[in-house]
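A short write-up of the structure that comes next.
The values are calculated or read from the model by the stated rules, or taken from the named source; none is laboratory data. Since we're looking at a predicted model, the values are computed, not measured. Glycine also receives a Cβ, built like all others from the backbone with ideal geometry; neighbour counts cover every protein chain displayed.
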Amino acid sequence: MYDHSFVPYADTTALSEDAEKVLIRKLLQQTYFNDVRVQRLLAYYPNLPLKDKDRAISLFMRRLWSDTKFFEAFRAFDFLLAVAGKRGHFVHQFEVFLFGINIILMAQEKGCDLTKVFKFDEIDQVFDTWLFASSVHDFGYPIEAVNKIVKEIGKLYNTFGFKNIQDRFQSVKAENLVKSCNANVGDKVILAIEESLGITSVEAISLVDKLVAVDDHGYASSMFICRMIKNKIRKEKSLPHYEKSLKYAMGAVSLHSLKLSNEPQKDFREYIGKISFEKNPYAFLLFLVDNLQDNNRFVYPKDSWPNYSLHKLSINKHEITISYNVKHPDWKKKAKTAFTSYVTEKREMLDLISPGSTPLGITVRLQYIVDSGKSPVDIVVTI
């Protein structure tokens, strides 16, 4: 396995120690997490040094997934992905998992019948399905990043006079990798998308073609989920709900990374608007939480992008507030335009998923405090 000990470690977590404690506290009270080693890992996690957190997550997920290799492999990928300019996908998945579990538990505290609204017979089956959807939703990101990595390699080789290096690596382009993964599970993914959005099979196939064309990592990740859950089914034949969980999880992960764009071939507005809690509560929740927690995790500071840090995370019976400090030394540069566009797109995407149409009755507040200003930028969603 890849040796991380000599790799410079970037800040991969978006949460503070206090925020991690807030998110983990309720998990320790659930029977789903009653394995002693799982509880120990959860309890220690907020106090661990940053360099040890990804290792703890890997051990934690191995216990819940009954698997020994998948999470270690993606943990190693995370360091390689730094070449593409992004960081923290491994830790980010765990943080999305924590946020989602807390929203589910908030709904329970408000009196929601979790088995009814999340469409399973037992609460542990609800947790299983959210685990499947959230904890591996970015496993396909290395496939999406292939072209970005080759492009960066090409820039370096241009220095030496080697031109058009990227064009010579067609065989490793993400489109071809996705197609190779698609051989055995493509039909399952298409059916999951069809039922999650309430569209026809023809429309689902058209969407898949569009996702493949833009190297979408959500679609690729859904195929990794299929393989991982199939492995669990083979090991744990007494758990028939896995097949139902698989369909919900594949639908959720396939759709979580849809974006808006002025370019028609990259714009998924019409499909984002079809994501609903009623059709697939896990797709709704993953799209929501991933957008709340993701803030373009660049490896190096950029002139065109502000720096983020968590200001506050608070959770009560009715509301969850995630507040970020946003700073930049010179807002007159491209950063102001980039940040304004980012917030506008974020607000529009969350509006498109029909907030207010769920039985949960929870207010989610995403807040940006710009240069310690008194008037934060708020995005408020009621779910």
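Exactly one residue out of PHE139, PHE120, PHE77 is assigned to a loop (DSSP other than H, G, I, E, B) and farther than 23 Å from PHE277 by Cβ, and it is PHE139. Checked against the criterion of being assigned to a loop (DSSP other than H, G, I, E, B), at pLDDT 90 or above and either surrounded by 14 or more Cβ atoms within 10 Å (Cβ to Cβ) or hydrophobic (A, V, I, L, M, F, W, C) (or both), the range 15-30 has at least one qualifying residue.
From the list SER245, SER261, the one residue that fits, being more than 15 Å from ASP351 (Cα to Cα) and outside any helix (DSSP H, G or I), is SER261. For the range 49-74, the candidate set comprises residues that are not basic (Lys, Arg) and not in a helix (DSSP H, G or I); within that set, the residue that is modelled with the lowest pLDDT is THR68. Residues considered: ILE383, ILE362, ILE353. Of these, the only one that is at negative phi, surrounded by 14 or more Cβ atoms within 10 Å (Cβ to Cβ) and at pLDDT below 80 is ILE383. Of the residues examined, LYS210 is one that is at pLDDT 85 or above, within 21 Å of GLN265 (Cβ to Cβ), assigned to a helix (DSSP H, G or I) and basic (Lys, Arg).
Within the range 123-178, the set of residues being modelled with pLDDT of 70 or more, among the basic types (Lys, Arg) and touching a helix residue (DSSP H, G or I) at 6+ places or on another chain (Cβ under 8 Å) comprises LYS148, LYS151.
Of all residues in the range 227-234, one or more are surrounded by fewer than 24 Cβ atoms within 10 Å (Cβ to Cβ), farther than 26 Å from ILE103 by Cβ and either touching a residue at least 40 places away in the same chain (Cβ under 8 Å) or hydroxyl-bearing (Ser, Thr, Tyr) (or both). Per the conditions (1) touching a helix residue (DSSP H, G or I) at 6+ places or on another chain (Cβ under 9 Å); (2) at pLDDT below 80; (3) within 19 Å of HIS92 (Cβ to Cβ), the sole criterion not satisfied by PRO301 is (1). Out of the residues in the range 332-350 that are surrounded by fewer than 15 Cβ atoms within 10 Å (Cβ to Cβ) and in contact with an Asp or Glu (Cβ under 9 Å, 6 or more places away or on another chain), which is farthest from GLN293 (Cα to Cα)? Per the stated criteria, the residue is LYS333. Would you please name the residue that is nearest to THR31 (Cα to Cα), looking only at residues in the range 111-165 that are among the hydroxyl-bearing types (Ser, Thr, Tyr) and free of Cβ contacts under 8 Å to residues at least 24 places away in the same chain? It comes out as THR115.
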